[in-house]
Amino acid sequence: MDNIFSIEGKVIVVFGGSGNLGKVICSYMANHGAVVYSCDIRHDESAKQENINYETLDATEKSHIVSLRNKILEKQGHVDVLVNSVTMKGTDFYLPFEEVSLEGWEIGMKGNLTIPFLTTQAFIPGMKKRREGSIINISSHYGLVGNDQRIYEGSNLQDVYGKSPSKTKRIYSHGVYNAAKGGLNNFTRYLAAYYGADNIRVNTVSPGGLLHKGENETFLKKYGEKVPLGRKGEFEEIIGAVVFLASNASTYVTGHNLVVDGGYTCW
């Protein structure tokens with residue numbers, strides 16, 4: 001039972017590794033002895049660490065994922081942990097529901113739900129063969145509850161996350177995010193039940209709203225009023241949950257959604 005939270009020596013593959021949360025996950029894991037592969041469609045060259053393996057691919061293409069899996073297995077022999085931390089937003093993400101496009105809906109579904117399907121399908125066979133593995137899907141508190149659209153009044157999220165074709169300053173949160181994250185939660189339960197006999201654990205981590213650089217005080221105040229802890233979270237505050245599920249501290253945990261939201265969903 002000594003140091004059961006250790007991830008030293010574990011081979012960890014993170015899809016979405018160059019995203020805001022993915023970067024923090026990869027950095028922590030690599031700095032604590034894991035062999036980390038950061039997988040994304042692009043990487044910030046200035047932010048690269050020498051102790052992380054960076055792989056560039058389009059994770060919406062099954063052949064790209066399979067090629068990457070084969071490359072990792074050839075070099076490492078196995079994968080201990082798969083982390084799915086990808087998200088995708090269409091340009092109409094902040095429009096009213098009646099105005100969003102089918103294309104925008106499909107982009108959200110592909111990033112938040114289809115990619116975890118493809119990555120899991122690719123990496124499961126190796127885990128089955130070893131009868132060991134942990135899959136961690138990064139979901140959201142919005143996979144559990146609907147958005148309070150009032151908190152977006154006066155926010156500058158459209159400027160922070162990319163402009164949409166909206167003709168008004170009022171923004172809205174896209175329903176595809178909730179639909180896909182809710183689906184990811186139940187997909188996780190399905191996989192946990194399906195592969196439990198193979199000793200493969202599948203869980204989700206559901207962060208609440210995390211603090212992004214540039215968000216204005218109007219939005220932060222309105223969001224904080226909905227949270228018992230009174231604020232948005234920091235990306236680093238999600239690490240403990242991910243490490244727990246990646247380590248031997250959670251060998252009897254599967255099918256679980258570990259919510260890290262400052263209490264947002266408790267009232």
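Determine whether K232 is on the phi < 0 side of the Ramachandran plot, surrounded by fewer than 15 Cβ atoms within 10 Å (Cβ to Cβ) and basic (K, R).
No.
Listed residues V14, V36, V24, V66; which is among the aliphatic types (A, V, I, L, M), surrounded by fewer than 19 Cβ atoms within 10 Å (Cβ to Cβ) and within 25 Å of M88 (Cβ to Cβ)?
After applying the criteria, what remains is V66.
Kindly list the number of the only condition in (1) surrounded by 15 or more Cβ atoms within 10 Å (Cβ to Cβ); (2) among the acidic types (D, E); (3) closer than 23 Å to E236 by Cβ that fails for E217.
(1)
Does any residue of region 205-227 turn out to be modelled with pLDDT of 95 or more, part of a helix (DSSP H, G or I) and of a type in the set (V, I, T)?
no
Please specify each residue of region 39-69 satisfying the condition of being of a type in the set (S, T, Y) and in a strand (DSSP E or B). Reasoning before the result, please.
Just the residues of region 39-69 that are of a type in the set (S, T, Y), to begin with: 46, 54, 56, 60, 63, 67.
Result: Y54, T56.
Could you check, for region 37-50, whether at least one of its residues is farther than 26 Å from E234 by Cα and of a type in the set (A, V, I, L, M)?
Within region 37-50 (the criterion being farther than 26 Å from E234 by Cα and of a type in the set (A, V, I, L, M)), the answer is no, since none of the residues qualifies.
The values are calculated or read from the model by the stated rules, or taken from the named source; none is laboratory data. Values in this document were obtained by computation on a predicted structure and should not be read as measured data. As a convention, Cβ positions derive from the backbone with ideal geometry for all residues, glycine included, and neighbour counts pool all protein chains shown.
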